[in-house]
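Working notes, beginning with the structure itself.
The values are calculated or read from the model by the stated rules, or taken from the named source; none is laboratory data. Predicted, not measured: the structure shown is a model, and the values here were computed from it. Please note: Cβ atoms are built from the backbone with ideal geometry, for glycine as well, and neighbour counts cover all protein chains shown.
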Amino acid sequence: MSISHRFGCDPCARQGRRAFLLRGDPEGRDNGIVRSCVHVLRGTRFRVRAFVRTVPWARAAIPLVMGVLSILLTQSSSAADSRSEVQPRIRVRIAHQAAVLRFHGVDIAVVDAFTRLPLLPGPVDEVDVEAKGGRLVVNRLPLSAKRIRVETPAVFVQMGRRDYRGAIEVVLASDGLTAVVHTVLEHYLYGAVASEMPATWPAEALKAQAIVSRTYALRRMMESADRLYDVVDDVADQLYEGADDAFQAVRAVRGTTGIVLTKGDALLDARFHSTCGGMTEVPGLVWPKATMDLPAVRCEDCRASPVHDWRTSFSGDELASLLAPEGFGDPRVEAVDVAERSASGRAVMVAVRGKDARLLLRGNDFRRRLGYARLKSTRFTINHRDGLFEFRGQGYGHGVGLCQWGARGKARRGMNVSAILRAYFPGARFGRLASQGGRWRIIPYSFVQTSLTDGW
Ligand SMILES: [Zn+2]
């Protein structure tokens, strides 16, 4: 927090106490919130209530007109300091169904998420939050609040072994504690890119990941207004292992600030996966409800991936128990066949047969039941020998959109970020986030006037 946002507390001064207020968010921007005051902490909470106000949060998403997208996202608005840069903010779920959450940091304040009033008698360096008897218990103090914010004037707060930038909201749900970090989208992307792609990979591949990750996150933000969070921190959305600021990832995010992929009038629903194994997939064949219009494309650049070719085996008994939740009733699987294959070579439908039972299921559901990590993709062939089913396959992941290992290969061949993304998202265009009167718009962006090899 900038020192300029630290100021004296008048009530304290009148009583001869040396005290101060901290104002601003953890990134140091003055958002009008008074964060801590010795005066408040000594019990005369209501006298300083006038200093505490809630940031006007705005949240909604609207579709767009005439090729220019317009979205209104959660953002910190700073009436008190118009010089502060307003940026979209994202809410990332970083824990759920937890019994205890431990925070470490500097001068941590725990405040009510709605009133922003302090809930602890003073700033602390360690905070334990527990779910006990239907209540939140913070540092052994039972609270009536069900939703709290853990804030620090420092840049990072640690939860478990990971550092996070921004305030962390903890919510008491019926199944335990849910933790959600509220942070600036671009800062989230530093960690997401570093978590999703090794920092040692070529800069153009990291930039491609940054643009795809940003586009993906914005889509989720537009669809999650009525939820507690926009994205989760695991592969269900994209990996986010905290504020891991590998400089190469930060450079890739900053080098592409605000750049997104669009198609027609909309923000593209950009997806990515580890390795396509030779050809990407059409979204509708992976997710029946997908509305994305994206062709499958050939990819010869992911051959260096350690999971370009793989094999794994299952016994008939094992397959039967893994498929039982899908309704397979026999104790042993006797035959597995790909009933329908896509043009990219992936199993769209899989037929499973036992002595009596028959099961026909989507390739993706089959893979989910056998385990995403073990059956790495649906691009496989099956050999049945001596009671063992051997799957030989190519690639890792669903196969839609950006092939990460392919992006690495293309970058190593000298392709720049624009060419890499155009290869995996044919027909997509580039857009750039632009703030206008508190609203976020996405305006067309062209690479034409800029260098194609380095910073834009
Ligand atoms: Zn590939």
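Looking only at the range 94-112, residues that are buried (at least 17 other Cβ atoms within 10 Å of the Cβ) and either within 24 Å of the chain's Cα centre (by Cα) or β-branched (V, I, T) (or both) come to 11 in all. Evaluated against (1) out of contact with any Ser or Thr (no Cβ under 8 Å at 6 or more places or on another chain); (2) surrounded by fewer than 24 Cβ atoms within 10 Å (Cβ to Cβ); (3) under 20 Å from R162 (Cα atoms), A249 falls short on exactly one condition, (2). Here is the figure for the range 304-360: residues that are aliphatic (A, V, I, L, M), away from the ligand (no atom under 16 Å from the Cβ) and touching a residue at least 60 places away in the same chain (Cβ under 8 Å) total 2. Residues in the range 419-450 that are within 20 Å of A266 (Cβ to Cβ) and in a helix (DSSP H, G or I) were compared, and the one that is farthest from the chain's Cα centre (by Cα) is R422. Please tell me if T291 is over 30 Å from V157 (Cβ atoms), within 13 Å of the ligand (Cβ to nearest atom) and in the same structural domain as Y424 (by TED's automatic domain parsing). Spelling it out, it is not the case that T291 is over 30 Å from V157 (Cβ atoms), within 13 Å of the ligand (Cβ to nearest atom) and in the same structural domain as Y424 (by TED's automatic domain parsing). Is it fair to say Y190 is crowded, with 17+ Cβ neighbours inside 10 Å and outside any strand (DSSP E or B)? When the stated conditions are applied, Y190 passes them. A Cβ distance below 9 Å, combined with a sequence gap of six or more or placement on separate chains, defines the contacts here; from the range 259-276, residues that are touching a residue at least 24 places away in the same chain (Cβ under 8 Å) and within 16 Å of the ligand (Cβ to nearest atom) reach residues that are assigned to a strand (DSSP E or B) and hydroxyl-bearing (S, T, Y) in the pairs H273/Y396; S274/Y396; T275/Y396; C276/Y396.
Among the residues of the range 397-415, how many are near the ligand (Cβ under 10 Å from one of its atoms), outside any helix (DSSP H, G or I) and at negative phi? Total satisfying the criteria: 2. For the condition within 15 Å of L185 (Cα to Cα), of a type outside the set (S, T, N, Q) and in contact (Cβ under 8 Å) with a residue 60 or more places away in the chain, R220 does not qualify.
Looking for something within 13 Å of the ligand (Cβ to nearest atom) and either in contact (Cβ under 8 Å) with a residue 60 or more places away in the chain or among the aliphatic types (A, V, I, L, M) (or both) - is there at least one such residue anywhere in the range 381-394? Checked against the condition, which is being within 13 Å of the ligand (Cβ to nearest atom) and either in contact (Cβ under 8 Å) with a residue 60 or more places away in the chain or among the aliphatic types (A, V, I, L, M) (or both), the range 381-394 yields at least one hit.
Quick check: anything in the range 430-443 surrounded by fewer than 21 Cβ atoms within 10 Å (Cβ to Cβ), in contact (Cβ under 8 Å) with a residue 12 or more places away in the chain and within 14 Å of the ligand (Cβ to nearest atom)? Checked against the condition, which is being surrounded by fewer than 21 Cβ atoms within 10 Å (Cβ to Cβ), in contact (Cβ under 8 Å) with a residue 12 or more places away in the chain and within 14 Å of the ligand (Cβ to nearest atom), the range 430-443 yields no hits at all.
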